[in-house]
Amino acid sequence: MSDLLKNGLNDYLDHLLPARDPILIEMENYALQQNFPIVGPQVGRFLCQLAYLKKPDAIFEMGSGFGYSAYWFNLGAPQAKIIFTELNRRNIQRAEKWFKLGKKAHQIFFKQGRAQDILAQTPGFFDIIFIDVDKHEYPQAFSRALSKIKQGGMIIIDNVLWYGKVTSVRESDQDTMGVRKLNEMLYETPGVLSSILPIRDGIGICIKL
């Protein structure tokens, strides 16, 4: 969990959240026990809202872990086809179990491998692309996503404030440098409208015009 919000504000916001799907609670407990990074319920609810507003036909996740963000996307857009990508087979198996328990597996297409390669090999274009891969790969992932997002589509990127590390320049820290470069690209790339929101560890939102 990021410490970007001080003086108990994160705890306050978490406390305001209404009851969640029991599957999400189970996922959150697993993440806590295993120290596994997930977007958390504040961001998850925001992803659900964005999906509900966008009403997408197709969502591509570049980096899905064990399916927490994908589950939230499905809650907001149960009609959407979601391409789930993950390198670790055990994480995919965990996600498959939770989506079956939640009776949501029929819209999720599980792919094992490197997210950028899978996106390049997948035909068609997407309404939403979510990026949560290794941070040093963020600039390349964003460029790849731009080539596969529909006009009017939305690219959403997690961890764009990277625990506050983006405020310091250390060229030896490739992950931080990757996030910093991505953030510059969000505002410098022609033909897009982007914002960075300081929710949890920072969310980047980019609309292709």
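What number of residues within segment 110-131 satisfy the criterion of being within 20 Å of Val39 (Cβ to Cβ) and either among the aromatic types (Phe, Trp, Tyr) or not in a helix (DSSP H, G or I) (or both)?
Selection size over segment 110-131: 8.
When you check Trp98 against the structure, is it of a type outside the set (A, V, I, L, M), modelled with pLDDT of 95 or more and more than 17 Å from the chain's Cα centre (by Cα), yes or no?
Details: of a type outside the set (A, V, I, L, M): yes; modelled with pLDDT of 95 or more: yes; more than 17 Å from the chain's Cα centre (by Cα): yes.
So Trp98 fits the description; yes.
Of everything in segment 188-202, what is more than 19 Å from the chain's Cα centre (by Cα) and at negative phi? Give them in sequence order.
Result: Glu188, Thr189, Pro190.
Of the residues Ile23, Ile38, Ile59, only one is part of a strand (DSSP E or B), aliphatic (A, V, I, L, M), within 20 Å of Glu86 (Cα to Cα) and at pLDDT 95 or above; which? Break it down stepwise before answering.
On the way: Ile23 fails: part of a strand (DSSP E or B); Ile38 fails: part of a strand (DSSP E or B).
Exactly one residue qualifies, and that residue is Ile59.
The rows are residues; the columns are (1) farther than 13 Å from Gly63 by Cα; (2) aromatic (Phe, Trp, Tyr); (3) touching a Ser or Thr at 6+ places or on another chain (Cβ under 7 Å).
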| residue | (1), (2), (3) |
| --- | --- |
| Phe126 | yes, yes, no |
| Asp134 | no, no, no |
| Gln151 | yes, no, no |
| Val166 | yes, no, yes |
| Val169 | yes, no, no |
| Asp173 | yes, no, no |
| Leu186 | yes, no, yes |
| Ser195 | yes, no, no |
| Pro198 | yes, no, no |
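Pick from segment 118-170 the residues that are touching a Phe, Trp or Tyr at 6+ places or on another chain (Cβ under 8 Å) and basic (Lys, Arg): which of them is surrounded by the most Cβ atoms within 10 Å (Cβ to Cβ)?
Only one residue tops the list, namely Lys135.
The values are calculated or read from the model by the stated rules, or taken from the named source; none is laboratory data. Keep in mind it's a predicted model, so treat the numbers as computed, not measured. Cβ atoms come from the backbone with ideal geometry, glycine included; neighbour counts cover every protein chain shown.
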